[in-house]
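A.B. asks: Encoded as structure tokens, here's the structure I'll be asking about.
The values are calculated or read from the model by the stated rules, or taken from the named source; none is laboratory data. Predicted, not measured: the structure shown is a model, and the values here were computed from it. Don't worry about glycine lacking a Cβ; one is built from the backbone with ideal geometry, like all the others, and counts go over all protein chains shown.
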């Protein structure tokens with residue numbers, strides 16, 4: 001990690017996040033954590049072992065993989081989009097516009113401070129989204145541990161994708177989509193409740 005969060009900002013934002021978690025638990029709002037990740041055709045190799053005379057390997061190909069955007073709740077509600085194209089602020093706007101059409105109640109999306117989240121074009125949409133009941137909450141800098149969506153990418157890359165899923169880009173795109181679509185049904189993440197004192 002290149003830096004550490006400002007202590008005052010971190011405490012303020014963490015308290016705000018705790019309040020949002022409380023409102024979500026009471027059923028007064030829906031709370032989602034958002035993030036993006038790329039899945040490369042070069043597989044993530046998990047730790048393992050082999051016999052001294054045994055050869056082990058994973059198939060892979062070169063070239064672009066698939067980029068993902070997901071909004072995830074602690075209850076494993078997962079709204080996602082995938083693309084073979086570069087992730088841009090315009091894409092984030094397009095996807096949040098689409099997500100805003102699905103809201104059942106006031107909804108808060110927690111995001112990090114990535115440039116595509118903080119772009120002027122995104123900030124120009126905040127008023128429109130608020131009118132639709134969608135609010136953005138930005139995490140303090142250097143605080144990926146506060147974003148539960150980070151766990152989603154770790155699970156996807158190190159547990160849910162199989163070696164054969166990296167055989168081609170088409171296969172990878174399909175397997176990523178299939179895994180994300182299964183979150184909350186066949187695939188679940190056991191999140192611990194948010195506590196203000198957790199590190």
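A.B. asks: Before we move on, is residue 173 over 17 Å from residue 72 (Cα atoms) and in contact with a strand residue (DSSP E or B) (Cβ under 8 Å, 6 or more places away or on another chain)?
C.D. replies: Numbers: over 17 Å from residue 72 (Cα atoms): yes; in contact with a strand residue (DSSP E or B) (Cβ under 8 Å, 6 or more places away or on another chain): yes.
Judged against the criteria, residue 173 is a match.
A.B. asks: Considering only region 160-170, state which residues are assigned to a helix (DSSP H, G or I), surrounded by fewer than 16 Cβ atoms within 10 Å (Cβ to Cβ) and free of Cβ contacts under 8 Å to residues at least 60 places away in the same chain.
C.D. replies: The answer is 170, and nothing else.
A.B. asks: Out of all the residues in region 138-158, which are surrounded by 15 or more Cβ atoms within 10 Å (Cβ to Cβ), in contact with a helix residue (DSSP H, G or I) (Cβ under 9 Å, 6 or more places away or on another chain) and within 30 Å of residue 186 (Cβ to Cβ)?
C.D. replies: Once the filter is applied, which keeps residues that are surrounded by 15 or more Cβ atoms within 10 Å (Cβ to Cβ), in contact with a helix residue (DSSP H, G or I) (Cβ under 9 Å, 6 or more places away or on another chain) and within 30 Å of residue 186 (Cβ to Cβ), region 138-158 yields 139, 146, 150, 152, 155, 156.
A.B. asks: Sort through 24, 73 and tell me the only one that's at pLDDT 95 or above, touching a helix residue (DSSP H, G or I) at 6+ places or on another chain (Cβ under 9 Å) and surrounded by 13 or more Cβ atoms within 10 Å (Cβ to Cβ).
C.D. replies: Working: 24 fails: touching a helix residue (DSSP H, G or I) at 6+ places or on another chain (Cβ under 9 Å).
Selected residue: 73, the only one of 24, 73 that is at pLDDT 95 or above, touching a helix residue (DSSP H, G or I) at 6+ places or on another chain (Cβ under 9 Å) and surrounded by 13 or more Cβ atoms within 10 Å (Cβ to Cβ).
A.B. asks: Kindly check whether there is at least one residue in region 95-108 that is surrounded by 12 or more Cβ atoms within 10 Å (Cβ to Cβ) and out of contact with any strand residue (DSSP E or B) (no Cβ under 8 Å at 6 or more places or on another chain). Can you show your working first?
C.D. replies: Taking region 95-108 as the starting set, the residues that turn out to be surrounded by 12 or more Cβ atoms within 10 Å (Cβ to Cβ) are 95-97, 99-100, 103, 106-108.
Next, only the ones that are out of contact with any strand residue (DSSP E or B) (no Cβ under 8 Å at 6 or more places or on another chain) stay: 97.
Yes; the residues of region 95-108 include at least one that is surrounded by 12 or more Cβ atoms within 10 Å (Cβ to Cβ) and out of contact with any strand residue (DSSP E or B) (no Cβ under 8 Å at 6 or more places or on another chain).
A.B. asks: Which of (1) out of contact with any strand residue (DSSP E or B) (no Cβ under 6 Å at 6 or more places or on another chain); (2) within 13 Å of residue 72 (Cα to Cα); (3) outside any loop (DSSP other than H, G, I, E, B) is the odd one out, the single condition residue 191 does not satisfy?
C.D. replies: Of the numbered conditions (1) out of contact with any strand residue (DSSP E or B) (no Cβ under 6 Å at 6 or more places or on another chain); (2) within 13 Å of residue 72 (Cα to Cα); (3) outside any loop (DSSP other than H, G, I, E, B), the odd one out for residue 191 is (3).
A.B. asks: With the structure loaded, tell me whether residue 43 is out of contact with any strand residue (DSSP E or B) (no Cβ under 9 Å at 6 or more places or on another chain), buried (at least 18 other Cβ atoms within 10 Å of the Cβ) and modelled with pLDDT under 95 or whether it fails that test. Steps first, please.
C.D. replies: Values: out of contact with any strand residue (DSSP E or B) (no Cβ under 9 Å at 6 or more places or on another chain): yes; buried (at least 18 other Cβ atoms within 10 Å of the Cβ): yes; modelled with pLDDT under 95: yes.
For residue 43, the condition - out of contact with any strand residue (DSSP E or B) (no Cβ under 9 Å at 6 or more places or on another chain), buried (at least 18 other Cβ atoms within 10 Å of the Cβ) and modelled with pLDDT under 95 - is met.
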